[in-house]
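Everything below concerns the one structure shown next.
The values are calculated or read from the model by the stated rules, or taken from the named source; none is laboratory data. Fair warning: this is a prediction, and the values are worked out from it, not measured in the lab. As a convention, Cβ positions derive from the backbone with ideal geometry for all residues, glycine included, and neighbour counts pool all protein chains shown.
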Amino acid sequence: MKVFIAVDNSAIAEKAFEWYFTNIHKEGNEVIIGHAAEPPHLPTYVLAGEVAYPVEEMKAEASKAKAKIHELKQKFTNMMENHKDVSYKLDIHINDLSPGEAVVKMADKEKCDIIITGSRGLGVVRRTILGSVSGYIVHHAHVPVLVCHK
């Protein structure tokens, strides 16, 4: 079975990751650990009717985004040390899609059989206004989705 575990830098993502390995992982399963980071919001200014691009601030934002991706890759590479016999792949990159849409597309591309994700447990109002990544995945994925709540 090919399993897609959607992750971010939250404790809930770690919990979903560990829950999968503790409760349903079977020998021979192939695991894809995936995350699609949103591109950094690069600053621009309008000065006297002209658009200005502060190069140093843009470089700093791009550097922060790269560092976050590196940190996430390192975190889950380290977590996989406890599962040395598992065939896995890290698919962590910057993408201009919404997080939920990106996860569904990544899982489709990898031909996964199931998606594992966490849920932040937003209240009804916040979920209605902000949307829910796990909700999007549940409603748009073409494979079963397991949502781990906090």
Mind counting the residues in segment 67-89 that are modelled with pLDDT of 95 or more, out of contact with any helix residue (DSSP H, G or I) (no Cβ under 8 Å at 6 or more places or on another chain) and aliphatic (A, V, I, L, M)? 1
Out of (1) modelled with pLDDT of 90 or more; (2) within 13 Å of the chain's Cα centre (by Cα); (3) not hydrophobic (A, V, I, L, M, F, W, C), the odd one out for His93 is which? (1)
